[in-house]
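This report concerns only the one structure given below.
Read-outs: derived from the displayed coordinates by stated rules, not from any lab. Predicted, not measured: the structure shown is a model, and the values here were computed from it. Cβ atoms come from the backbone with ideal geometry, glycine included; neighbour counts cover every protein chain shown.
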Amino acid sequence: MSRRDRSRPAGSGAPWWQRPDLRYRGGVLHLGRCDLAAVTAAARQPNYLYHAARVRANLARLRAALTRHTRRFRVFYALKANRCPGLLAALRATGACGIDACSPREIARALRAGFREDEISFTATSVADADLAALARHPGVWVNCDSLSMLARLGRRQPGRAIGLRVNPGCGVGYRRNRLVRYAGAATTKFGIYRSEFPAALALAADLGLRVTGLHVHAGCGYLTPELPRWERVLAATMEFADRIPGLRHVNVGGGLGIPLTAGDAPLDLAAWARLVARHVVRRGLEVWVEPGDYLVKDSGVLLLQVNTVETKHGARFVGVTGGFNLHPEPAFYGLPLEPVPVRAPAAGARRRRVQVAGNLNEALDLLARDAALPPVAEGDWLAFLNAGGYGAAMSSDHCLRGGFRERVV
């Protein structure tokens, strides 16, 4: 989302999230040319809708920012964010990105979507022998090792393979001050090889005949412009590892680029982000790899749920809907906001009030939005939950046997 996307036309009263491909037209919310009221009129279950044009635009914007500093870069879409076949087809058709996979089945999904082995980068944790056996069947897939154990077992199976090492810089970054979305930091995590184990990792790779030509880091998710100084510390710490690897060819700076989730968020300054990449990676003559997930797909999607309960309990207003954290876990698991808006535009001057948007699971954590400012809604109305394109359907479950939903690319 560019700064222009976020701007509000003077005097229009337009919501902060309104942009050309997501706005009210004729009193109805549209995603691209798709009339969401028409979708809900025929809906029998929750619906995820994804706008392919938005995904392509996000990818193009990211590539343009990198191109200003280097021609030597590769983008790998993080498949775990959203594995909808239609979205994968749209990305494959661009020819502008590969796939970041974290399991053998994700590799298989990418191959079915038409991506070649040499367009897939594999980075996983707690890797089993069965995973390594699957990797051996795909020698063209790039592999990043995130532990000495994985390094040793891969090396015994495939000596001579070129690999990357996933490192832990000891500092993390993520959306605002949310520590739940940081992969590194003060607390020791399961991700990557720490500085204290790095000499042993290099020695082990050499003993096993593995060629370390890549370095990988992923320190957290959802960071925006205020977090860029912290992200630069991540880059600087990662380069301390890079400088110790003779023959290094590329550095994968991971994903985690964020998008605005609330009216208080400004879009990530991609130009500033790219300058930091250039300062720390490009100037060393290294190729840049990046693996965005949310940045490409999150704001392309909405989740449509119907209001089934409106009631005040002990002074608190609850709006119940036909889905819960089993359909989109991020609000409950990570405390990330998921903003609900009415599918039909509220009346002019409608007074908003703070409500708790509750899911239909018999679980205390099942609140999709806390203290959401909503205009009056009635039972039978439909809400569109914004920024639902990433880590929603891909993380869904059938908990309470309420997991049914439909996905559609528009």
Stick to the Cα atoms of segment 53-297, pair each with every other, and give me the Kirkwood hydrodynamic radius in Å at one decimal.
18.1 Å
Exposed trypsin sites (Lys or Arg not before Pro) absent - longest run of the chain, DSSP non-H/G/I/E/B, at most 10 other C-beta within 10 Å
191-350
Angle, helix 52-67 long axis vs. longest principal axis of the chain, Cα atoms, 0 to 90°, nearest 10?
40 degrees
Starting from the exponent 0.38 and prefactor 2.2 Å, build the expected Rg for the chain from its residue count and divide its actual Cα Rg by it.
1.02
In percent, what relative contact order does segment 48-127 have, based on Cα pairs under 8 Å that are 6 or more apart in sequence?
28 percent
Relative contact order as a percentage, segment 53-297, C-alpha pairs under 8 Å and 6+ apart, gives 22 percent
In whole angstrom, the spacing between the Cα centers of segment 233-259 and segment 272-323 equals 23 Å
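For the chain, what does -39500 (n - 2.57) per DSSP helix run (n ≥ 4), summed and divided by total residues, give at 222 nm, in deg cm²/dmol to the nearest 500?
Details: 12 runs with 108 residues, N = 410.
That calculation yields -7500 deg cm²/dmol at 222 nm.
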5 Å is the cut-off here: which amide hydrogens, built 1.01 Å from N in the peptide plane, fall below it relative to TYR77, excluding neighbours closer than 5 in sequence?
GLY98, ILE99, ASP100
Does anyone have the angle between helix 148-157 and the longest principal axis of the chain? Alpha-carbon axes, 0 to 90°, nearest 10?
60 degrees
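Provide the FRET efficiency to the nearest 0.05 for the LEU148-ASP371 pair, computing r from the beta carbons and using R0 = 60 Å.
Details: r = 46 Å, r/R0 = 0.77.
Efficiency at R0 = 60 Å is approximately 0.85.
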Mind checking which lysines have their Cα closer than 16 Å to the Cα of LYS80? Skip sequence neighbours fewer than 8 apart in that chain.
LYS298
What FRET efficiency comes out for the pair ALA93/ARG71, r = Cβ-Cβ distance, R0 = 25 Å, nearest 0.05?
0.65
Euclidean distance of C-alpha centroids, segment 342-393 and segment 101-156, integer Å:
39 Å
Using a cut-off of under 18 Å, list every residue of segment 75-114 whose amide N is near the label point 7 Å from the Cα of SER126 along the Cα-to-beta-carbon line.
80, 102-106
In nm, the gap between the two label points placed 7 Å beyond Cα toward Cβ at ALA38 and GLU363 is 3.5 nm
Taking a crude spin-label model, label points 7 Å out from Cα along the C-beta direction, the ARG244 to ARG63 distance in nm is 3.6 nm
Report the label-to-label distance for VAL310 and ARG177 in nanometres (one decimal), using points 7 Å from each Cα along the Cα→Cβ vector.
3.6 nm
For helix 228-242, what angle does its Cα long axis make with the longest principal axis of the chain, in degrees from 0 to 90 and rounded to 10?
20 degrees
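Once you have the Kirkwood Rh of segment 151-269 from its Cα pairs, apply Stokes-Einstein at 10 °C and 1.306 mPa s and quote D in µm²/s.
Working: Rh = 15.2 Å.
Taking Rh from Cα pairs, D becomes 105 µm²/s.
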